[in-house]
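I have placed the structure first, in the form of structure tokens, so that the comments after it can refer back to it.
The values are calculated or read from the model by the stated rules, or taken from the named source; none is laboratory data. No experiment lies behind these values; they were computed from the predicted model shown. As a convention, Cβ positions derive from the backbone with ideal geometry for all residues, glycine included, and neighbour counts pool all protein chains shown.
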Amino acid sequence: MDKETERRLKLTAAKVRKTGLQAIRYARSGHVGGSFSVADILTVLYFSKMNIDPEKPRWEDRDRFVLSKGHCTPAMYATLALRGFFPVEDLMGFRSADSYLSGHVEMRHVPGVDMSAGSLGQGLSAAVGMALSAKTFHKSWRTYAVTGDGEIEEGQIWEAVMAAGHYRLDNLTVFVDNNGLQLDGPIREIMSPYPIGEKFKSFGWNVLETDGHDCARIAEAVDAAAACKGRPTVIVAKTIKGKGVSFMENQVRFHGSVPTDDEFRQAFRELDGRIAELEE
Amino acid sequence: MPQKISTRVAYGQALAECGADENLVVFDADLSICTMSCIFRDRYPERFFEAGIAEGNMVGMAAGMASTGKTVFCNSFAMFIAGRAYDQIRNSVAYPHLNVKIVGTHAGLSVGEDGATHQCIEDLALMRVVPGMTVVCPSDANETKEAVRAVAAYDGPCYLRLGRLAVEPVTELPGYRFQLGKGVVLREGSDVALIATGLMVQEAMEAADMLRPKGIHARVIDLHTIKPIDRDLVRKAAFETGAVVTAEEHNILGGLGGAVSEIVASSCPVPVLRVGVEDRFGHSGPASELMERYGLTANHIARQAERAVKMKKGSPENS
């Protein structure tokens, strides 16, 4: 990836974080930590890798994406809005009763969302079904999904992982957003899913690891996944919960708690600084 | 004696016939020779998928498949699909209103010897309370085939409840027409309405025969669609007969009896007595013996019908 492309992706990811945080501020509700950890992955997929058309969100031959960790709507909706699926201003209604932008990803009313999710562990199964559809009906589009590292404590995830391995779904690429924290604390302490890569490998998956905040490396991993034949690919992405705002990083509190007014101000200052730095 | 066929066998044949539609895909969770989806599998192996013994993932995969424009049938025993995969059905299928047909076979006590863990008596209640879900429980082979075609043609989530046991044909009548959301009056009568679903329709027909010599003319209604329920037909039956008995191979809480009571109470209050499993678990045993022990027989329906008639306003015993 050339430096200019990388700079633009980093800038977009910073804007995704800022826009997502604005949505949370309007709503006084929403999940900031996991949104910030997944922001770079979403940016690379939606602004560089996925074959999509914001003008035709239901285009039959588009690549599909499932946010299995469905609570990270601030990042997801910010990404879709910035990509042109709907007006950024609509995020001012996020989580409000009159808005179509619900708390968890929802496919019927939100342009660009391919699958509703929210009850953890279910999205990956849907992604497997999508990839199986493409295989069965000889379609060339790909399916992408992101799960949380806490989410993979759900048994259904491993049913889906088994099925994708069994059906050799090489048109499926899954990210594990490995930020190490879940609502109640560090995943190692709550219910350790480690070693993550080995588990996927034993189910017949191609396992890649990457820095989930390095846009160039994420893009390389996505390309390597597409090149792998006969097996689905998981990209275990090492990330930082709350990435991009100093005092939110690696803090369990920012899983779902809303920042204070002072914290919002400080966070926007940092994100604006980052945006200005990348715009130069 | 007309031939008895179970609704699951009729389902398997009808599903295979629906397979001519190349958009139709079938999943099963290691029970295809029981749910009879094996007939489809043998005819269209490229569009049949094993999920293995993992029903939650099966329903999720079906949702993903349906999101790409396919009609998806998803099979298991009622207990292990409506029960175990309830959350997946609710959140991955019904909430996005995807075109997935949840098929629960071996419903109710008539599973027999396998016992309580396999005897699902809660599925109608579970599926009925999910917003936007269509719930169908056909009474015989003929109606099952009609139901399969109808749910396949309908674009949205459905639950189809089927049984293991062979049942008598009750709908092979001139003029019979199946329509989703519309009940069928199988016999006219003005003293009491017997509203039944699934294999209890055959029992209700027999109960009507038993009541005749006692001078009670029972109307028999086959309510194959539990949701959306045929409100007009139920209301009319309550109004015209003044007494209702429901019959289902299901807990008396939350299923057909619950649904009928809700309508009658709010539109035409008359006595409603419910025949079904009285809020307890099933047990191992031969199906016919269990039906007897749990009161799921024509005899029992007839007795309740007599009680309901006596409870009517204006009945000599009530004056």
> Yes or no: residue A:139 within 14 Å of chain B (Cβ to nearest Cβ), modelled with pLDDT of 95 or more, surrounded by fewer than 19 Cβ atoms within 10 Å (Cβ to Cβ) and not in a loop (DSSP other than H, G, I, E, B)?
Replying inline: no
If you go through B:186, B:173, B:180, B:162, the only one that is within 20 Å of residue B:121 (Cβ to Cβ) and in contact (Cβ under 8 Å) with a residue 12 or more places away in the chain is B:162
**Request:** Would you check if residue B:302 is in contact with a strand residue (DSSP E or B) (Cβ under 6 Å, 6 or more places away or on another chain) and not β-branched (Val, Ile, Thr)?
**Result:** no
Filtering segment B:269-319 down to residues that are charged (D, E, K, R), under 28 Å from residue B:163 (Cα atoms) and touching a Gly at 6+ places or on another chain (Cβ under 8 Å) yields B:274, B:278, B:293
Note to self: Any residue at all in segment B:69-78 that's out of contact with any strand residue (DSSP E or B) (no Cβ under 7 Å at 6 or more places or on another chain), assigned by TED's automatic domain parsing to the domain that holds residue B:133 and under 23 Å from residue A:135 (Cα atoms)?
What the structure shows: yes
Of the residues in segment B:26-44 that are over 13 Å from residue B:103 (Cα atoms) and either buried (at least 24 other Cβ atoms within 10 Å of the Cβ) or not hydrophobic (A, V, I, L, M, F, W, C) (or both), the one that is farthest from the other protein chains (Cβ to nearest Cβ) is B:42
- Query: Residue check: is residue B:102 of a type in the set (A, V, I, L, M, F, W, C), away from every other protein chain (no Cβ under 12 Å), touching a strand residue (DSSP E or B) at 6+ places or on another chain (Cβ under 8 Å) and not in a helix (DSSP H, G or I)?
  - Reply: yes
| query | Would you say residue A:101 is on the phi < 0 side of the Ramachandran plot, buried (at least 18 other Cβ atoms within 10 Å of the Cβ) and in contact with a strand residue (DSSP E or B) (Cβ under 9 Å, 6 or more places away or on another chain)? | reply | no
Open item on the list: Suppose the filter is out of contact with any Leu (no Cβ under 8 Å at 6 or more places or on another chain) and over 21 Å from residue A:78 (Cβ atoms); does residue A:201 pass it?
Closed with: yes
Within segment B:61-90, residues closer than 27 Å to residue B:116 by Cβ and at the interface with chain A (Cβ under 9 Å from one of its Cβ atoms) come out as B:87, B:88, B:90
Given the conditions (1) away from every other protein chain (no Cβ under 14 Å); (2) surrounded by 24 or more Cβ atoms within 10 Å (Cβ to Cβ), every one holds for residue A:45 apart from (2)
| said: Please verify whether residue B:152 is among the small types (Gly, Ala, Ser), farther than 16 Å from residue B:181 by Cβ and out of contact with any Pro (no Cβ under 9 Å at 6 or more places or on another chain), treating the condition exactly as stated. | reply: no
Condition set in a loop (DSSP other than H, G, I, E, B) and out of contact with any helix residue (DSSP H, G or I) (no Cβ under 7 Å at 6 or more places or on another chain), scope segment A:93-106, selection farthest from the other protein chains (Cβ to nearest Cβ): answer is A:98
Within segment A:117-136, the residues that are more than 7 Å from chain B (Cβ to nearest Cβ) and either of a type in the set (Gly, Ala, Ser) or under 23 Å from residue A:61 (Cα atoms) (or both) are A:117, A:121, A:123, A:124, A:131, A:134, A:135
When restricted to B:160, B:165, B:180, the only residue surrounded by fewer than 22 Cβ atoms within 10 Å (Cβ to Cβ) and either under 30 Å from residue B:96 (Cβ atoms) or touching a Phe, Trp or Tyr at 6+ places or on another chain (Cβ under 6 Å) (or both) is B:180
The condition of being under 30 Å from residue A:184 (Cα atoms), away from chain B (no Cβ under 13 Å) and over 16 Å from the mean Cα position of the chain (by Cα) holds, among A:89, A:153, A:159, only for A:153
Residue B:119 fails exactly one of (1) touching a Cys at 6+ places or on another chain (Cβ under 9 Å); (2) away from chain A (no Cβ under 14 Å), namely (1)
